[in-house]
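**Q** Following this message is one structure expressed as structure tokens.
Where a number appears in this text, it was derived from the coordinates with a stated rule and is not lab data. It should be emphasised that the depicted structure is a prediction, and the values quoted were computed from it without experimental measurement. Positions of Cβ are generated from backbone atoms using ideal geometry, with glycine treated the same way; all protein chains shown enter the neighbour counts.
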Amino acid sequence: METAVKTDYQDNWIDRLFIWVFSRKMAIALGKTTACKGYDGFVDLSYKIMQGRNADQQQEVVAVVLKSLVPSPVLWLIRTVTSPTKLVCELNAWFAGVLFEWLVGPCETVEVEVSDAAGNTTLQRSGVHIQKCRYLEQSGCVGMCINMCKLPTQDFFTQDFGIPLTMTPNFEDLSCEMVFGQKPPALKDEPIFHQPCLAQCATAQPKASACPKVHEH
């Protein structure tokens with residue numbers, strides 16, 4: 001795995017503002033604070049969310065955090081007046097590439113192939129390639145990646161925004177692919193459902209065939 005040298009991030013004031021806002025929302029939903037500062041505090045709060053909660057409960061807490069960031073009337077309006085057209089999906093990918101760098105590190109919009117229910121495919125620039133996910137690199141945890149990033153984010157965009165999103169993390173090089181406009185498959189049908197713990201995870205269970213945090217329900 002390409003994790004020997006940890007990436008050094010120099011957060012600007014906008015990055016720090018986003019980190020502060022998200023951390024504050026997490027602390028409110030959790031009912032706990034953290035003594036850690038900046039991005040370290042953000043990740044520490046994620047660990048606290050995991051403690052004593054199964055996979056479903058972790059996702060529920062994150063869902064509360066995400067919904068608290070956007071007023072319900074705004075979400076309703078977006079679902080009502082927009083549809084996941086090629087343009088809408090491409091715009092979402094562009095915004096995600098710009099707004100999420102503080103969270104996941106450098107990323108770029110890319111052209112992807114999107115399939116509909118009938119099996120028809122469309123080429124559109126609605127993909128986001130995350131070069132090396134900051135959140136996954138710092139946490140080193142498969143469970144945190146899936147329960148507190150991938151699944152809640154997919155559900156938030158797909159259900160609350162009405163814009164399908166599929167996220168596919170790569171646990172070999174810590175990259176990730178986001179595809180707006182692509183309905184996410186059931187987790188049990190994805191290879192990552194059987195992903196074992198990463199060596200650098202603080203709570204890794206090397207003998208487990210798959211990360212137990214993903215399978216705790």
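**Q** For the chain, modelled as a GNM with alpha-carbon contacts under 10 angstrom, which of Ile192, Ile78, Ile163 fluctuates the most?
**A** Ile78
**Q** Please list the non-local residues whose amide H lies under 5 Å from the amide H of Val110, H modeled 1.01 Å from N, same-chain partners needing a gap of 5 or more.
**A** Amide H neighbours of Val110, under 5 Å, 5+ apart: Gly127, Val128, His129.
**Q** With θ set to phi - 60°, apply the Karplus curve 6.51 cos²θ - 1.76 cosθ + 1.60 along region 107-117 and write out the HN-Hα couplings as whole Hz, x wherever there is a Gly or Pro.
**A** Here the 3J(HN,Hα) series is 8, 9, 7, 9, 7, 9, 9, 10, 9, 9, 4 Hz.
**Q** From the phi angles alone, apply the Karplus equation (6.51, -1.76, 1.60; θ = phi - 60°) to region 175-182 and give each ³J(HN,Hα) in whole Hz, x where the residue is Gly or Pro.
**A** Computed from phi, the couplings for region 175-182 are 7, 7, 10, 10, 10, 7, x, 9 Hz.
**Q** Of (1) 1.59; (2) 1.00; (3) 1.08, which is the value of Cα Rg over 2.2 N^0.38 Å derived from the coordinates here?
**A** Matching the structure shown: (2).
**Q** To the nearest 20 Debye, how big is the dipole of the chain about its Cα centre, given +1 on the beta carbon of each Lys and Arg and -1 on that of each Asp and Glu? If you can, show how the numbers build up before the last one.
**A** Values: 19 positive and 23 negative charges, 150 e Å.
It works out to roughly 720 debye.
**Q** In addition: Could you tell me the distance between the Cα centroids of region 92-108 and region 113-158, to the nearest Å?
**A** What the calculation gives is 12 Å, centre to centre.
**Q** Same structure, new question: Rounded to whole Hz and in sequence order, give me ³J(HN,Hα) for region 78-91 from the Karplus expression 6.51 cos²θ - 1.76 cosθ + 1.60, θ = phi - 60°, writing x for Gly and Pro.
**A** 4, 5, 7, 9, 10, 9, x, 6, 4, 5, 4, 5, 5, 5
**Q** Further question on the same structure: Determine the gain in length on full extension of the stretch Lys207-Asp116; use 0.36 nm per residue of separation and subtract their C-alpha separation, reporting nm with one decimal.
**A** 28.9 nm
**Q** Of Met26, Pro191, Thr153, which is farthest along the charge dipole of the chain in the positive direction, counting Lys and Arg as +1 and Asp and Glu as -1 at C-beta?
**A** Farthest along the dipole direction, towards plus: Met26.
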